[in-house]
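Asks: Okay, handing you the structure first.
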Amino acid sequence: MITIFKTEDNKRLKKLSISEAVSGSWFSLINPTEEEIKQVSLVLGLDEDFLRNSLDLDERSRIEIEDGNTLIITNLPIMTEDGSFDTLPMGIIYTPTSIITVCSKDNNILSSFNENTSYSFDTRNKTEFMLKILYRSVKFYLKYLDLINRTTDAIETELQKATNNKALFQLMEIQKTLVYFSTALKDNDIVLQKINRITKSTTGMNIKTTEEELDLLEDVIIDTRQAIEMVDMHRMILEAMMEGFASIINNNLNQVMKFLAAITIIMSIPTMIGGLWGMNVPVPYGSNDYGFLIVVTLSVITSVAVVLYFRKKGMF
């Protein structure tokens, strides 16, 4: 799907057809077809691979420059339909006349730049618009990390009451998400550092920045590093939590096995005594009218004595 916007002088966002696209337009490509890729490539004079590269779900964050056009691939955080989190490559193509975003799926980052928020960005200012997209991306990382932290706290509270497999599987899913976030953020940070170096040089990319835009880029870098630190902290906490719950599970299992072993020993005492007095040989009290009560009493007293001994040893 191709959607083309351009900011007008009154800060309103105007939707254009591809034939109406002019300098300062924003081409938003969401899961474009081959025909749409060829169409945009022809209109803007771009290499088709520039548009296709961002559609690979395994694409890493990087920068590529070709014929005066700059491709910046960054990884966005997304929330899936089942409530879990993942990352998604997105390409930002910076041309002399326009800016293009290419992504295989619709997402909250790009959809947040719309008619209702048009006052906060300007498609004609390509550098600032690109940096605001990157800034919005890292803000969503921080937002999702906060949600992950709350989810982890809720699971921890649940596990303190009763250990169950569902909660443990949720923690494993969160661990996987944090690995994805950590890898994506570190790759994004490398790209941002490269942008920062090249924009301050006199040669390289066709991206020109003002002091305000350099400040915005610095904010993006700072927040990205903050997100990296948060991910690393959450990963360490989660690893410690998983190890702690593993120890608790093992300890609970040991307690159960110890209890069952004690019960087995206690239950075997009456059986052993009853077996001895049940033999077809002369036994004490065999002819006594109270022999049965004596044997039962002896079994009870012995069992109680063993129970008291085990309690003293912490078996109960």
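Every residue, every condition in (1) of a type outside the set (Asp, Glu); (2) farther than 25 Å from ASN108 by Cβ, yes or no:
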{"site": "ILE37", "(1), (2)": "yes, no"}
{"site": "GLU48", "(1), (2)": "no, yes"}
{"site": "MET79", "(1), (2)": "yes, no"}
{"site": "ASP86", "(1), (2)": "no, no"}
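Asks: I'd like to check which strands (runs of 3 or more DSSP E) are fully inside region 45-101 and have at least 3 residues that are of a type in the set (A, V, I, L, M, F, W, C).
Replies: Values: elements: 62-66, 69-79, 85-94.
Fully inside region 45-101 and qualifying: 69-79, 85-94.
Asks: Take PHE310 and tell me if it is within 30 Å of MET172 (Cβ to Cβ), surrounded by 13 or more Cβ atoms within 10 Å (Cβ to Cβ) and either not aliphatic (A, V, I, L, M) or not assigned by TED's automatic domain parsing to the domain that holds ALA167 (or both).
Replies: No, not satisfied.
Every residue, every condition in (1) closer than 23 Å to LYS161 by Cα; (2) not β-branched (Val, Ile, Thr), yes or no:
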residue	(1), (2)
MET242	yes, yes
ASN250	yes, yes
ALA261	no, yes
GLY274	no, yes
VAL283	no, no
GLY286	no, yes
VAL306	no, no
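Asks: Look at ASP146 and say whether it is part of a strand (DSSP E or B) and not hydroxyl-bearing (Ser, Thr, Tyr).
Replies: So ASP146 fails the test.
Asks: Select from region 7-31 the residues that are assigned to a loop (DSSP other than H, G, I, E, B) and surrounded by 17 or more Cβ atoms within 10 Å (Cβ to Cβ) and write down the one among them that is modelled with the lowest pLDDT.
Replies: Among those that are assigned to a loop (DSSP other than H, G, I, E, B) and surrounded by 17 or more Cβ atoms within 10 Å (Cβ to Cβ), it is ALA21.
Asks: A follow-up question, please. Considering only residues of region 246-284 that are of a type outside the set (Val, Ile, Thr) and not in a helix (DSSP H, G or I), which is surrounded by the fewest Cβ atoms within 10 Å (Cβ to Cβ)?
Replies: That would be ASN280.
Asks: Just to be sure, is MET230 modelled with pLDDT of 85 or more and either surrounded by 17 or more Cβ atoms within 10 Å (Cβ to Cβ) or not hydroxyl-bearing (Ser, Thr, Tyr) (or both)? Show your work before the answer.
Replies: On the way: modelled with pLDDT of 85 or more: yes; either surrounded by 17 or more Cβ atoms within 10 Å (Cβ to Cβ) or not hydroxyl-bearing (Ser, Thr, Tyr) (or both): yes.
Yes, satisfied.
The values are calculated or read from the model by the stated rules, or taken from the named source; none is laboratory data. Please read all numbers here as calculations on a predicted model, not as lab measurements. Backbone-built Cβ (ideal geometry, glycine too); neighbour counts: all protein chains shown.
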